[in-house]
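The values are calculated or read from the model by the stated rules, or taken from the named source; none is laboratory data. What you see is a predicted model; the values in this text were computed from it and never measured. No Cβ is skipped: glycine too gets one built from the backbone with ideal geometry, and neighbour counts run over all protein chains shown.
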Amino acid sequence: METLMSEPVQAIVAINVLLCLSLLFPFVTGVWSLGLPGFMAVGAYAGGWLTQSAGWPVWAALIASAAGGALSTLPFGLLALRIRGIYLAIATLAAAELILLFFSHFKPTGAVMGLTGMPFLDPRWIVAMAAAAFAFSGWLYCTRLGKAMQAAGSDPVVAACHGLNVPVLQLSALALGGAFAGLAGGCFAHYYSFIAPNNFGFHRTVDILMFLVIGGFTPVGAALGSVMLTLVPQFVSELEKWAPALYGAIALAMAAFMPAGLVPKNRFAPIFRRLRPPPPPRPAIAGQAGRPGGADA
Amino acid sequence: MIAQQLVNGLMLGSVYALIGIGYTLVFGVLRMLNLAHAYLFMAAPFVALSLGAAGVHPAFALAGGLGAAALLGMVLYYMAFRPISSQHALGGFVTSLSFGIVLQVIVVNRFGTLAKPFSFGLALPDIEIGPVLLSGLQAASLVVSAALMVGLLLLLKRTRFGRNVRAIAENDTAALLLGVPVPRNILAVFALSSGLAGLAGLMVALRFEQIGAYMGDHYATKALAVIVIGGLGDVRGAMAAGLLLGVFEVLFQAYAPTGWSEAFVWLLLIGVFLLKPEGIFGTGVQRREV
């Protein structure tokens with residue numbers, strides 16, 4: 001319990017939950033984007049610079065972080081429209097490297113020396129934001145938009161044949177992921193008060209991706225996976241230096257025996273079904289045919 | 001001056017090419033990216049170092065490192081690729097990465113994160129050709145990589161094994177139906193590709209005389225760029241792109257502002273993806289993803 005109450009643990013768990021949720025929607029929609037560290041870096045640097053040099057209040061800077069993260073997904077989105085699967089993963093890895101390379105040479109944010117002097121953000125706020133992001137993801141996952149995203153991810157061709165606008169869905173999932181990652185970056189910058197380009201290396205994607213694979217591709221899975229796996233090395237201190245290997249071993253075992261992860265099903269669906277009044281009878285098929293997007297949540 | 005830079009570029013490029021060939025061979029037969037590759041690259045010199053420290057003759061220690069990499073490649077296939085179904089969305093991507101991370105953490109906990117000296121006292125005379133100065137090791141590794149690349153091309157083009165591998169790359173079900181021993185050949189490809197990674201790792205270790213648990217990361221991401229630029233699954237493309245990237249990187253480092261040699265690789269990679277996704281030679285294996 002003591003471990004749970006300590007501030008550094010709360011902060012790291014909440015940031016990891018935000019990051020894991022940021023991977024969730026792109027992956028659910030079939031966009032294998034590994035640009036996460038790039039988006040996070042954009043959010044961290046945007047928020048950090050705004051409070052440190054431009055004198056913005058922290059809350060405004062965090063909004064800017066999320067916006068910056070979402071905006072930085074645009075060029076990635078252009079890639080996503082052209083290529084998919086493993087190819088997209090490699091391309092987004094490259095794009096994230098470019099973003100980091102930019103920050104390692106960009107003088108106003110301290111280049112490789114990093115940026116420091118950001119005001120401190122109470123970790124309770126980070127936890128609150130992570131909880132809000134979790135609730136929002138759970139809600140979104142149950143809406144028609146969320147279901148459309150899942151459909152686009154499981155088979156883009158069939159989804160398109162059913163009238164879903166797959167590229168728009170993928171771009172919005174990417175932007176949502178970027179916003180979460182940017183927010184996480186902003187929180188990171190204001191909790192640790194120091195950021196440098198090598199905070200945002202490939203290792204961060206690796207850990208988060210394993211949380212997601214082990215937890216399962218649902219909001220509950222993502223949150224559960226990241227909370228549990230972040231906490232394990234905190235509780236058993238001998239495990240700390242073996243933590244990445246532990247994640248790796250669990251991911252290997254899960255892929256062989258439980259390929260869908262711990263929580264493969266959307267646990268929120270029954271709750272929302274109960275809350276929502278039964279849908280009115282649908283008009284004739286003809287009225288549905290030409291509807292673009294279908295994402296009218 | 002420029003001749004010396006070209007030779008240095010070829011040196012770097014041959015390492016990229018060797019790693020890239022390994023990646024591309026596995027991608028060819030399985031359609032999955034083997035991300036553990038970089039970690040096998042790093043593991044081979046550490047095995048050689050441990051053997052050397054245990055008093056084994058340097059030549060056998062190096063051979064042991066190479067053998068260990070090939071063996072680990074086969075273990076990798078059984079642990080990370082064999083058990084998962086082809087329906088698994090992220091398939092070998094996550095599992096091979098996990099395998100590699102486990103290897104890396106073992107090395108970090110056993111040897112620490114600091115660089116370790118790696119020297120087997122292999123004294124080879126320096127060679128001077130006109131303005132170009134080559135250390136004996138550089139010359140040896142250039143010769144070895146050139147011989148290996150020619151050998152690999154012959155292996156893939158001229159032997160039964162090579163024909164099988166190319167058949168599996170085109171369509172594994174059809175190959176199986178025609179009597180190609182697919183699982184056995186895939187295992188051999190894993191051993192071959194991991195052996196190449198191990199060899200590249202040993203070459204880098206001997207040249208810089210120090211090794212670290214993170215030495216693979218840099219080369220591995222560059223080699224990803226190499227296989228994409230050369231065309232995924234295309235061995236000749238990986239060789240050419242590897243050598244080309246090595247030369248360009250060294251030239252950029254010598255004559256362009258800092259940071260551009262890195263940025264160049266990534267920009268080229270994204271450009272190839274957008275304009276010519278089948279690779280610069282256009283011969284990467286094309287198969288419709290279903």
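Would you please list the contacts, defined by Cβ atoms under 6 Å and residues six or more apart or on different chains, that run from a residue in the range B:94-111 that is within 15 Å of B:Met74 (Cα to Cα) and more than 7 Å from chain A (Cβ to nearest Cβ) to a residue that is assigned to a helix (DSSP H, G or I) and of a type outside the set (S, T, N, Q)? Every condition considered, the pairs that remain are B:Ser96/B:Ala80; B:Gly100/B:Tyr39; B:Leu103/B:Tyr39; B:Leu103/B:Ala43.
Okay, residues lined up against (1) polar (S, T, N, Q); (2) surrounded by fewer than 24 Cβ atoms within 10 Å (Cβ to Cβ); (3) within 19 Å of B:Phe93 (Cβ to Cβ); (4) at pLDDT below 85:
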site	(1), (2), (3), (4)
A:Thr218	yes, no, no, no
A:Val227	no, yes, no, no
A:Thr230	yes, yes, no, no
A:Leu239	no, yes, no, yes
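So which residues in the range A:123-180 are over 24 Å from A:Thr92 (Cα atoms) and touching a His at 6+ places or on another chain (Cβ under 8 Å)? Residues satisfying the conditions do not exist here. If you take the residues of the range B:246-265 that are away from chain A (no Cβ under 13 Å) and either closer than 29 Å to B:Ile101 by Cβ or touching a residue at least 60 places away in the same chain (Cβ under 8 Å) (or both), which of them is surrounded by the most Cβ atoms within 10 Å (Cβ to Cβ)? Filtering first and then ranking leaves B:Gly246. Kindly evaluate B:Ala205 against the criterion of being under 11 Å from the mean Cα position of the chain (by Cα), in contact (Cβ under 8 Å) with a residue 24 or more places away in the chain and not in a loop (DSSP other than H, G, I, E, B). No; evaluated as a whole, the condition is false for this residue.
Just one of (1) crowded, with 20+ Cβ neighbours inside 10 Å; (2) in contact with a Leu (Cβ under 8 Å, 6 or more places away or on another chain) fails for B:Gln104. It is (2).
For every residue, the table says whether it meets (1) closer than 24 Å to B:Val250 by Cα; (2) at pLDDT 85 or above.
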| residue | (1), (2) |
| --- | --- |
| B:Leu6 | yes, yes |
| B:Leu12 | yes, yes |
| B:Tyr16 | yes, yes |
| B:Tyr23 | yes, yes |
| B:Val29 | no, no |
| B:Met32 | no, no |
| B:Ala36 | no, yes |
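All conditions in (1) touching a strand residue (DSSP E or B) at 6+ places or on another chain (Cβ under 6 Å); (2) surrounded by fewer than 23 Cβ atoms within 10 Å (Cβ to Cβ) hold for A:Ala44, with the sole exception of (2). Scanning the range B:139-165 for residues that are touching a residue at least 12 places away in the same chain (Cβ under 8 Å) and either closer than 16 Å to B:Thr24 by Cα or among the aromatic types (Phe, Trp, Tyr) (or both) turns up B:Leu148, B:Met149, B:Leu152, B:Leu153, B:Leu156, B:Phe161, B:Asn164, B:Val165. Of the residues in the range A:245-253, not one is modelled with pLDDT under 80 and either of a type outside the set (Asp, Glu) or farther than 20 Å from A:Lys147 by Cβ (or both). You will find that of B:Asn164, B:Asn185, the residue that is in contact with a Pro (Cβ under 8 Å, 6 or more places away or on another chain) and part of a helix (DSSP H, G or I) is B:Asn164 and no other.
Somewhere in the range B:182-199, is a residue farther than 22 Å from B:Leu30 by Cα, in contact (Cβ under 8 Å) with a residue 24 or more places away in the chain, away from chain A (no Cβ under 14 Å) and surrounded by fewer than 19 Cβ atoms within 10 Å (Cβ to Cβ)? No; the residues of the range B:182-199 include none that is farther than 22 Å from B:Leu30 by Cα, in contact (Cβ under 8 Å) with a residue 24 or more places away in the chain, away from chain A (no Cβ under 14 Å) and surrounded by fewer than 19 Cβ atoms within 10 Å (Cβ to Cβ). Identify all residues within the range A:93-121 that are at pLDDT 85 or above and of a type in the set (D, E, K, R); write none if there are none. Answer for the range A:93-121, where residues must be at pLDDT 85 or above and of a type in the set (D, E, K, R): just A:Glu97.
Could you grab me the full set of residues in the range B:208-227 that are assigned to a helix (DSSP H, G or I) and of a type outside the set (D, E, K, R)? Passing the criteria: B:Phe208, B:Met215, B:Gly216, B:His218, B:Tyr219, B:Ala220, B:Thr221, B:Ala223, B:Leu224, B:Ala225, B:Val226, B:Ile227.
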